[in-house]
1. Give the accessible area for Tyr48 in Å² (nearest 10); use a 1.4 Å probe, count only protein heavy atoms, and leave out ligands, DNA and RNA.
2. Tell me which residues come under 5 Å, amide H to amide H, from Leu52 once H is placed; ignore anything under 5 positions away on its chain.
3. Say R0 is 22 Å: what FRET efficiency, to the nearest 0.05, do Ile73 and Phe51 get from their beta-carbon distance?
Amino acid sequence: WDLSVPISYSQQVKGRTLLGGVGGEGDKRMSLGATFTYRGNLSLGVTYLGFLGSANLTLKENRLLTDRDQLSIVAKYSF
C-alpha cells in the first residue's frame, strides 16, 4: 500500500474575484485528504474540503454562502 496525503490552504488576501460571487476578500478554504494505492491498480481515497469564515454581504467581501463543507470518497480500479 502507498499513501499520499494532499493538504492545501488558500486565502484571498485583497479584492474580489474576476468571476464575482465566488468569494471575496478574506475567503479562506482548506483541504485535507488521504489516498491509498495498492499495486498501482486499486486506489481508495477520502478528501475533506472546508470553507472557513462567515457570511458577509458587503460588495468587497461578497461571501454569500458559509456552510459548504464537503466530504468525498473515491474508489478506482484499473485493469
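The values are calculated or read from the model by the stated rules, or taken from the named source; none is laboratory data. Everything numeric here is computed off the predicted structure, so don't read it as measured data. Because the Cβ atoms are built from the backbone with ideal geometry, glycine has one as well, and the counts that use them run over all protein chains shown. The protein model used for the area step is the full one, side chains on, heavy atoms only, and it has no ligands, DNA or RNA in it. Shrake-Rupley method; radii C 1.70, N 1.55, O 1.52, S 1.80 Å.
1. 90
2. When sequence neighbours closer than 5 places are left aside, the close amide H contacts are Lys28, Arg29, Met30.
3. On the way: r = 19 Å, r/R0 = 0.86.
Once rounded, the FRET efficiency stands at 0.70.
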